[in-house]
1. Give me D for segment 14-156 in µm² s⁻¹, whole number, from Stokes-Einstein with Rh from the Kirkwood sum over alpha-carbon pairs, 25 °C and 0.890 mPa s.
2. Provide the gained length on full extension for the span Ala62 to Ala204, in nm with one decimal, where the gain is 0.36 nm per separating residue minus the Cα-Cα distance.
3. Please get the size of the charge dipole for the chain, origin at its Cα centre, with Cβ charges of +1 on Lys and Arg and -1 on Asp and Glu, quoted in debye to the nearest 20.
4. Along the charge dipole of the chain, pointing to its positive end and built from +1/-1 on Cβ of Lys, Arg, Asp and Glu, which listed residue (Ala230, Leu33, His180) has its Cα farthest out?
5. Give a residue-ordered list of calculated ³J(HN,Hα) values for segment 294-302 (Karplus: 6.51 cos²θ - 1.76 cosθ + 1.60, θ = phi - 60°; whole Hz; x for Gly, Pro).
6. In bins 5 Å wide, starting from 0, what share of all Cα pairs of segment 177-318 does each bin hold, as a percent?
7. Can you list residues whose amide H is under 5 Å from Gly104's amide H, if they're 5+ apart or on another chain and H is modeled 1.01 Å from N?
8. Give the calculated FRET efficiency between Ser216 and Ser250 to the nearest 0.05, with a Förster radius of 30 Å applied to their Cβ-Cβ distance.
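Derivation of every value follows stated rules applied to the coordinates shown; laboratory data play no part. Since we're looking at a predicted model, the values are computed, not measured. Here the Cβ is made from the backbone with ideal geometry for all residues, glycine too, and neighbour counts use every protein chain on show.
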Amino acid sequence: MPFLAGFDARWQDAAEYLDALRRDLSEGRRLDLVPDYLSDDVEVQDGATVLAGPEAVGTAIAARLATLPGLRITPEETLWAPASQNAFVASQRFQCQSRHDGQGLYAAPTGKIIRYMQLSDSLCACGRLKAQWTVRDEEAVLKQIGVPLEDAARWRLATPPGSEPTAGTPGTGNDDAWGHTLGDLIYRIMGGELSVIARHYDPAAELFHPGATIGSGPREAEAFWMGLRAAFPSARFDVLHLLGADEPLSPPRAAIRWELTGCHDGHGAFGPPTGAMVRVLGITHAEFGPNGLRREWTLYDTPGIYAQILRAAGSADDVPLEQDEG
């Protein structure tokens, strides 16, 4: 008997289904199965582009595999919840590794081993992927292959931003208390209540942020979130989706997808203000312990954000991309 109506009985739960999708389409290179796994109206967003339809999504998968032919995507976390009788929502964290052996997304191959984190939210219905929101640590990839952030941002200008996103998840996730705890915490931080970090983060909290940056403790968490908010002080912050879980043999966990939309009108993590209108798609995962939030993983697409700033400016050569100190 299937775990949800419309899904094959060979999958015991959403995690098994998503693992089969990843294994077949990415590691298995079975691009012929794209029509079987993806709905006709599938939409994939990565913060910088919106891909609509199986053909566009399949083309993007092929481009990544051509660039990273030995790509291994290892699941580290999966949170999921039913969205209806025949649909579910999920948030996943992956560790990815490959040798940069192919032409494509990152210019000439370097032969270097690269490792990066990926966070993804998915909506699946009737046995197919209907929508996905994916954020990769592109900044970490660029560092490892020696490509300046400025160059990568300008590469993005050659790629149209795509259509406006239309897909949404039914509801806002499950009603688990830990999902609401994380959503409320990040919402308050981005609302300027930075003092909640010292009260709710473990003193030795582990932090995993863009650029493969690893930090520890409330002070470094505050610096990260303040840098983001300072760059877009008037932008609107929304928590779009949240999931939480408290299961045996595991710490309480949560995942949220959020969006920061507005003007680049401040000095912060993205250099001097330019007045560009920017949309930042972010995903945050967290684990909690007896002393508060003890691990946090947050990603957004750094070169994609810079590309939006350059595109709005209209002249890539006139916009400094150096990050402000602090």
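1. Values: Rh = 15.7 Å.
Rounded to a whole number, D works out at 156 µm²/s.
2. Working: separation 142, 0.36 × 142 = 51.12 nm, distance 4.08 nm.
Stretched out fully, the Ala62 to Ala204 stretch lengthens by 47.0 nm.
3. It works out to roughly 440 debye.
4. My answer, from the dipole projection, is Leu33.
5. Ordered by residue, 3J(HN,Hα) equals 10, 9, 9, 10, 9, 9, 9, 8, 4 Hz.
6. Going from the shortest bin to the longest, the percentages are 2, 10, 19, 23, 19, 12, 7, 4, 2, 1, 0.
7. For Gly104, whose amide H was placed from the backbone, there are no distant partners under 5 Å.
8. On the way: r = 22 Å, r/R0 = 0.73.
It comes to 0.85.
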